[in-house]
Amino acid sequence: MESREAVERQVRFGTARLAPAPYRPTAWLLTVDGVLQSCVDLTDPTYLHMPYATWAAKVLDLHWPEGEPVSALQVGGGGFTIARYLAATRPGSPQTVYELDGPLVDLVRSHLDLDAIANLRVRVEDGEPGVRRTPDATADVVVMDVFQAGTVAIHLAAVEFLREIARVLRPGGLYLGNMWSSAEMTLPLRAAASLAEVFPHVVLLAEPGLLLGKRAGNAVLAASDRELPHRALAEWAQAGGNRVFCLSAAQLTALRGTAPPLTADHPADAVTPVPR
């Protein structure tokens, strides 16, 4: 994108805006109705900017040998930051991303070099039926990062759908989910309980302010049928000045207590909107 002027366009779930990122001459910030969705550096796809994206990428980096290609299925594209990161750090990785907002995909394709991402297939459709159609044991990682009109798509964190994700994952495969949480953490606690119904290993990454109930923030949940790199993640977090903590399911329970899993019969009562 040669021009450094902001671009606005009406998309399916609001008004999207691409604006130059301060202090990075090749980076762009994508917002929808004022909610920050993605940061994309067109010359450095390993620059993730947003903390939750950095956490998710670190789990990916520690779960498999460095540079090893992985087959990835993602629901929620935004600026396709994680897809760009995977293509750059694990060349040869086949990726399918489901993004329901077609006009948003067109905007990203036109201005953020979407078609330059190697081995990427973008499907403009609902990711839920897309995952249900996916054959058994065909993905190494499934990433869920879905926001619609500024709120989290809660049904995608329910036990019933997580079982579909577990079916799609190969042995040792990795689930990664990002969600916005209010300070009381009801939603990620319930999502962690849902994951524990399906996967034997679950960890949560979040900033101290959220874990201590001081303020809202993002939470990244990771799950697998094999042991997750919890110790390595904890050491990485500590080395970074404890700006993020990585807790096992047991540690999360000890700190914040328990909550019932999300199910079709017991969905979330309310969802905290993501701040603009």
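The values are calculated or read from the model by the stated rules, or taken from the named source; none is laboratory data. Here the structure is a predicted model, which is why all the values come from computation and not from measurement. Every residue, glycine among them, receives a Cβ derived from its backbone with ideal geometry; neighbour counts consider all protein chains shown. Protein only, heavy atoms only, side chains kept; ligands, DNA and RNA dropped before computing areas. Shrake-Rupley method; radii C 1.70, N 1.55, O 1.52, S 1.80 Å.
How big is the dipole moment of the chain about its Cα centre under a simple scheme where the beta carbon of each Lys and Arg is +1, that of each Asp and Glu is -1, and everything else is neutral? Debye, nearest 20, please. Mind dumping the intermediate values first?
Values: 24 positive and 30 negative charges, 76 e Å.
Rounded to the nearest 20 debye, it is 360 debye.
Pick out which of L205, L252, L221 has the largest mean-square fluctuation in a Gaussian network model of the chain, springs linking Cα atoms closer than 10 Å.
Top of the fluctuation ranking is L252.
Search the structure for amide H atoms under 5 Å from the amide H of V70, placed 1.01 Å from N in the peptide plane, and list their residues when 5 or more places away or on another chain.
Distant-sequence amide H within range of V70: S93.
Roughly how compact is segment 157-276, stated as its Cα Rg over 2.2 N^0.38 Å to two decimals?
Numbers: Rg = 13.9 Å, N = 120, 2.2 N^0.38 = 13.6 Å.
Dividing the Cα Rg of segment 157-276 by 2.2 N^0.38 Å gives 1.02.
Provide the three semi-axes, in whole Å and in decreasing order, of the ellipsoid equivalent to segment 1-138 as defined by the square roots of 5 times the Cα gyration tensor eigenvalues.
Values: eigenvalues 115, 73, 31 Å².
Each semi-axis is the square root of five times an eigenvalue, giving 24, 19, 12 Å.
Output the Kirkwood hydrodynamic radius of the chain, Cα pairs only, in Å rounded to one decimal. Don't skip to the end; give the middle numbers.
Working: mean 1/r = 0.0532 Å⁻¹.
The Cα-based Kirkwood calculation yields 18.8 Å.
Given a 1.4 angstrom probe, I'd like the percentage of the accessible area of the chain that is carbon and sulfur, rounded to a whole number.
Result for the chain: 51 percent of the exposed heavy-atom area is carbon or sulfur.
What residues have an amide H closer than 5 Å to that of A268, excluding those fewer than 5 places away on the same chain, when H is modeled at 1.01 Å from N in the peptide plane?
none
What does the charge dipole of segment 54-195 about its Cα centre add up to, to the nearest 20 debye, if the Cβ of each Lys and Arg holds +1 and the Cβ of each Asp and Glu holds -1?
Working: 12 positive and 17 negative charges, 50 e Å.
Dipole about the Cα centre, nearest 20: 240 debye.
Pop a pseudo-label 7 angstrom from the Cα along the beta-carbon direction at both A19 and E66 and give the gap in nm to one decimal.
Using points 7 Å along Cα→Cβ, the separation is 3.7 nm.
Between D44 and E184, what is the label-point separation in nm under the 7 Å Cα-to-beta-carbon projection?
Simple spin-label model gives 4.1 nm for this pair.
Can you tell me which of Y52, Y85, Y23 moves the most in a GNM of the chain? Springs connect C-alpha atoms under 10 Å apart.
Ranking Y52, Y85, Y23 by mean-square fluctuation puts Y23 first.
Could you give the accessible area per residue of the chain, probe 1.4 Å, as a whole number in Å²?
Heavy-atom accessible area per residue stands at 44 Å².
Using modelled backbone amide H atoms (1.01 Å from N, in-plane), which distant-in-sequence or interchain residues come within less than 5 Å of Y98's amide H?
Correct list: Q74, V75, G76, R123.
If you count only protein heavy atoms and use a 1.4 Å probe, how large is the accessible surface of E128, to the nearest 10 Å²?
Per-residue accessible area (E128): approximately 40 Å².
Give me the angle, in degrees from 0 to 90, between the Cα long axis of helix 102-111 and the longest principal axis of the Cα atoms of the chain, rounded to the nearest 10.
For helix 102-111, the angle is close to 60 degrees.
What net charge is computed for the residues neighbouring A118, neighbours being all others with C-beta under 13 Å from the C-beta of A118, Lys and Arg scored +1, Asp and Glu -1?
On the way: positive: R84, R90, R121; negative: D113, D115.
My count for the surroundings of A118 gives +1.
Taking only Cα atoms, what is the 0 to 90° angle, nearest 10, from helix 230-239's long axis to the longest principal axis of the chain?
Orientation of helix 230-239: about 60 degrees from the principal axis.
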